[in-house]
Ligand code: DQA
C-alpha cells in the first residue's frame, strides 16, 4: 500500500510554533515516526508540505497514480479551502483528515476552527492526539478500515 502524507501551511514551523498547542516535535520528527510505523506495517509513504494552496492541490493531482490513500493535515485550509476539498474529492482515494490539536475544544475560543470544509470528502477524521493522529490514521488505512 502507498500512502501520501500531506501537510498544509505553517506546519513546517512545528517545534517552534505555539508549542503549548502543537507540541514540541518538528515536522521532520513526525515524518520520522510515520516512516518507522509505516515500515512495521509494510506501507510505503511519501511526504509533502507546502504553505501554498495550489501547490497542495498540484501535489495531490501529481501523486494520484501512485497513492492508494492519503493522510492530510490541511492546517488552516481545513476551515475554508473549497479548492482543496474539491481536489480530495477529485482524486477519489481513501483520505483521512488529521489534526494535532482538538478543533472542537479550540472552537470555544476560535469559532472558525469548529468548521471543516474537508471532512465530508474524507473517509475519516482524527484530531487532538498530536503525532498519534497521524499514526492512528496510518494504522486505519493499513488495516483497511480507513
Ligand atoms: C491544525 C489545526 C488548524 O486549525 C490550524 O490552522 C493548523 C493546525 C492542527 O493540526 O491542529 O495549522 O490543523
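Below 8 Å, C-alpha to C-alpha, sequence gap of six or more: please give me the relative contact order for the stretch 2-142 in percent.
Numbers: 245 pairs, mean separation 38.9, N = 141.
Relative contact order, the stretch 2-142: 28 percent.
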**Complete:** Simple SL model, points at 7 angstrom along Cα→Cβ for residue 62 and residue 32; separation in nm is 2.5
**Item:** Separation in nanometres of the label points that stand 7 Å from Cα toward Cβ, at residue 132 and residue 46
**Value:** 3.1
**Prompt:** Can you give the extra length, in nm with one decimal, that the chain gains between residue 105 and residue 2 once fully stretched, where that is 0.36 nm per residue apart less the Cα-Cα distance?
**Reply:** 33.8 nm
**Message:** Place a point 7 Å from Cα of residue 121 in the direction of its Cβ. Which residues in the stretch 93-115 have their backbone N less than 15 Å from it?
**Reply:** 93-98
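Enter the mean projected area of the convex hull around the alpha-carbon atoms of the stretch 1-133, in nm², rounded to one decimal. Working shown, then result.
Values: hull surface 29.0 nm².
It is 7.3 nm².
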**Request:** Set the Förster radius R0 to 35 Å, insert the Cβ-Cβ distance between residue 145 and residue 16 as r into 1/(1 + (r/R0)^6), and round the FRET efficiency to 0.05.
**Result:** 0.50
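Helix-only mean residue ellipticity at 222 nm, the chain, DSSP H runs n ≥ 4 weighted -39,500 (n - 2.57), per residue, nearest 500. What is it?
On the way: 6 runs with 56 residues, N = 146.
Using -39500 (n - 2.57) per qualifying helix, the result is -11000 deg cm²/dmol.
Bear in mind that the values in this text are calculations on the coordinates, not laboratory data. Computed from a predicted structure; not experimentally measured. All Cβ positions, glycine included, derive from the backbone under ideal geometry; neighbour counts span all protein chains shown.
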